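The values are calculated or read from the model by the stated rules, or taken from the named source; none is laboratory data. In this text the structure is predicted, and so the values were computed from the model without any measurement. So basically every Cβ, Gly included, is an ideal-geometry build from the backbone, and we count neighbours across all protein chains shown.
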Amino acid sequence: MRAPFIVIEGLDRSGKTTQTSLLHTRLEAEGIQAKLMKFPDRTTVIGQMIDSYLRSDSELDDHVIHLLFSANRWELASYITQLLEAGTPIICDRYAFSGIAFSASKGIPSSTPSPKLPYEWCRSPDIGLPAPDLVLFLDIAPERAKLRGGYGEERYEKEELQARVRGIFQRLGSEMQNETQRPVRPNWVTVDAGRERKVVANEVWSLVEPLVINRIDDPVAKLWS
Ligand code: NYM
């Protein structure tokens, strides 16, 4: 038996970070010590390069930044597995799904159907990472997300790009749900994030609590392999 690996994904301004921390606090209140993680992890050397790129303090080729985001996850891959095997649940704010959704959304003007970085190319560096047991996709229409105080200054925080990102998240979710292999890792659940914060938090809790209580029988799976 081991602890579950839970990932929370969503567009910018979907309430992901708030929900991740509400969940963490609720677990603590129940006496469950979970590890809160976040990608990009801006504290590592690779994370600092990513941070500088996101703030537009540096320019990087689209392939290079994509691979850095993935490398930032690989830096922590064995630590993730160790924690789960040692019995510590992980709640993670963004993971490989953000990696694909944002990179594969780059440079698709409506006149050209082909993205700068193809979907399959974007997926490949993350193949084999520790697979989450559950992905909660906090879904919100980009026009509503924008109303929540507007987007900040970082790259990607534009309504048109967010709409493409949402489309790729939806594709990832439907591919996961169509998987024939059992048990399916990860299990993908779309949560309506346009609702009041407490309502969303209660739904998130109802999905996470059984995993944390019952724990997981199978070893940590490898993502997409
Ligand atoms: N992002 C995040 C990517 O483009 N690729 C990735 O692999 C990950 C994990 O970074 N707009 C993007 C999504 C966000 C930005 O994330 C920073 P956050 O959660 O705002 O720190």
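Just to be sure before I move on: is residue 129 surrounded by 16 or more Cβ atoms within 10 Å (Cβ to Cβ), touching a Gly at 6+ places or on another chain (Cβ under 8 Å) and modelled with pLDDT of 95 or more in the structure I sent? No, not satisfied. Could you please let me know if residue 6 is at pLDDT 95 or above, more than 12 Å from the ligand (Cβ to nearest atom) and either surrounded by 15 or more Cβ atoms within 10 Å (Cβ to Cβ) or of a type in the set (Gly, Ala, Ser) (or both)? Answer is yes for this residue.
Pairs are defined by a Cβ separation below 9 Å, a sequence spacing of at least 6 or placement on different chains, a first member in the range 26-55 that is in contact (Cβ under 8 Å) with a residue 40 or more places away in the chain and closer than 14 Å to residue 74 by Cβ, and a second member that is within 16 Å of the ligand (Cβ to nearest atom) and part of a loop (DSSP other than H, G, I, E, B); the pairs so defined are 37/76; 37/95; 39/76; 39/94; 39/95; 40/94. Taken over the range 45-81, the criterion of being of a type in the set (D, E, K, R) and over 16 Å from residue 121 (Cβ atoms) is satisfied by 51, 55, 57, 59, 73, 75. Can you confirm whether the range 39-58 contains a residue that is modelled with pLDDT of 95 or more and in contact with a strand residue (DSSP E or B) (Cβ under 9 Å, 6 or more places away or on another chain)? Looking for residues that are modelled with pLDDT of 95 or more and in contact with a strand residue (DSSP E or B) (Cβ under 9 Å, 6 or more places away or on another chain), one finds at least one in the range 39-58, hence yes. As a summary of the residue check, residue 66 satisfies the conditions (1) at positive phi; (2) within 10 Å of the ligand (Cβ to nearest atom); (3) not acidic (Asp, Glu) except for the one numbered (1). Just to verify a result, which residue in the range 70-98, among those that are small (Gly, Ala, Ser), within 16 Å of the ligand (Cβ to nearest atom) and touching a residue at least 60 places away in the same chain (Cβ under 8 Å), is surrounded by the fewest Cβ atoms within 10 Å (Cβ to Cβ)? Per the stated criteria, the residue is 98. The single condition among (1) surrounded by 13 or more Cβ atoms within 10 Å (Cβ to Cβ); (2) modelled with pLDDT of 95 or more that residue 116 does not meet is (2). Checked against the criterion of being touching a residue at least 60 places away in the same chain (Cβ under 8 Å) and either of a type in the set (Gly, Ala, Ser) or closer than 28 Å to residue 174 by Cβ (or both), the candidates 144, 123 yield just one match: 123. When residues in the range 165-186 are screened for being crowded, with 17+ Cβ neighbours inside 10 Å and at pLDDT 90 or above, 6 of them pass. On inspection, residue 27 does not qualify as within 22 Å of residue 148 (Cβ to Cβ) and surrounded by 18 or more Cβ atoms within 10 Å (Cβ to Cβ).
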